[in-house]
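Contents: one structure, followed by commentary.
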Amino acid sequence: MKYLTIFSLCLVYASSLFAQQAFLDEFQQKWKNAEAFTLEAIELMPAEDFNYKPTEDQQSFQDQIIHSCENMIWLSTSYLGGGTAGINIRQEHFTKAEIIKLVKTCFQRAGEAVANLKPEDLEEKVSFFAGPMSKRQILILMNDHSTHHRAEMLVYLRLKGLKPPKYRGW
């Protein structure tokens with residue numbers, strides 16, 4: 001009976017690790033698609049409209065992009081062990097080409113942080129301003145935040161009379 005209990009516990013643990021690895025693999029695919037979707041939206045907006053904002057109280061199109069980049073780098077470096085090599089978000093002025101390069105680099109650095117996680121890391125709790133969170137929750141937050149600001153960018157494209165790229169959420 002003792003060996004059956006130990007075997008059962010090992011099976012449950014292995015099953016949990018398998019599920020966590022599947023989550024990490026699926027997240028990486030989703031993250032690459034999110035990057036491509038974001039870049040398509042950025043490419044559509046003419047450079048002269050990067051400072052466009054629908055109302056005075058809103059962020060500009062470019063500010064939406066930079067804020068999203070700041071968040072993914074903050075979350076991936078502060079909570080997931082990521083790095084910031086090649087990133088200069090504090091630059092005063094960006095060309096469209098520099099914004100595209102920044103987005104690619106930020107998605108890449110955040111993706112590298114995720115790639116370095118082990119399945120068991122996802123359960124680790126980190127101290128977050130909203131209370132303790134697992135690293136899995138940080139990944140979900142990072143994706144959700146990126147989605148939110150990309151959606152804002154898509155609305156801006158429509159308000160400028162441009163057709164956003166076709167939706168894909170996978």
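The values are calculated or read from the model by the stated rules, or taken from the named source; none is laboratory data. Bear in mind that the values here come from a model prediction, so they are computed numbers and not experimental data. Virtual Cβ from ideal backbone geometry, glycine too; neighbours counted across all protein chains shown.
Here are the numbers for this structure:
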| read-out | value |
| --- | --- |
| Selected residue (only one of PHE94, PHE129 is modelled with pLDDT under 95, aromatic (Phe, Trp, Tyr) and within 17 Å of GLU43 (Cα to Cα)) | PHE94 |
| Test for ARG158: is it over 12 Å from the mean Cα position of the chain (by Cα) and part of a helix (DSSP H, G or I) | yes |
| Single match in ILE89, ILE99 (criterion: in a loop (DSSP other than H, G, I, E, B), out of contact with any Ser or Thr (no Cβ under 8 Å at 6 or more places or on another chain) and farther than 14 Å from GLU152 by Cα) | ILE89 |
| Qualifying residue in region 59-67 (condition: among the aromatic types (Phe, Trp, Tyr), over 17 Å from the mean Cα position of the chain (by Cα) and part of a helix (DSSP H, G or I)) | yes |
| The lone exception for LEU141 - which of (1) among the aliphatic types (A, V, I, L, M); (2) closer than 24 Å to MET45 by Cα; (3) surrounded by 13 or more Cβ atoms within 10 Å (Cβ to Cβ) it fails | (2) |
| Failed condition for ALA113, given (1) under 19 Å from ALA41 (Cβ atoms); (2) of a type in the set (Gly, Ala, Ser); (3) crowded, with 16+ Cβ neighbours inside 10 Å | (1) |
| Residue list for region 104-144, restricted to those being part of a helix (DSSP H, G or I), over 23 Å from ALA22 (Cβ atoms) and not basic (Lys, Arg) | THR105, CYS106 |
| Region 132-170, subset under 29 Å from THR77 (Cβ atoms) and of a type in the set (D, E, K, R), residue modelled with the lowest pLDDT | ARG168 |
| Flag for ARG136 being touching an Asp or Glu at 6+ places or on another chain (Cβ under 9 Å), closer than 24 Å to THR84 by Cα, of a type in the set (Lys, Arg) and buried (at least 16 other Cβ atoms within 10 Å of the Cβ) | yes |
| Residue match in region 78-95 (condition: more than 18 Å from GLN29 (Cβ to Cβ), in contact (Cβ under 8 Å) with a residue 24 or more places away in the chain, surrounded by fewer than 13 Cβ atoms within 10 Å (Cβ to Cβ) and charged (D, E, K, R)) | no |
| Whichever residue in region 102-153 is among the basic types (Lys, Arg) and in contact (Cβ under 8 Å) with a residue 60 or more places away in the chain and, among such residues, is nearest to ALA34 (Cα to Cα) | ARG150 |
| Flag if GLU124 is of a type in the set (Asp, Glu) and modelled with pLDDT under 95 | no |
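Each row is one residue, and each column tells you yes or no for (1) among the acidic types (Asp, Glu); (2) touching a helix residue (DSSP H, G or I) at 6+ places or on another chain (Cβ under 7 Å).
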{"residue": "TYR79", "(1), (2)": "no, yes"}
{"residue": "THR84", "(1), (2)": "no, yes"}
{"residue": "THR105", "(1), (2)": "no, no"}
{"residue": "GLU112", "(1), (2)": "yes, no"}
{"residue": "GLU120", "(1), (2)": "yes, yes"}
{"residue": "SER127", "(1), (2)": "no, no"}
{"residue": "PRO132", "(1), (2)": "no, no"}
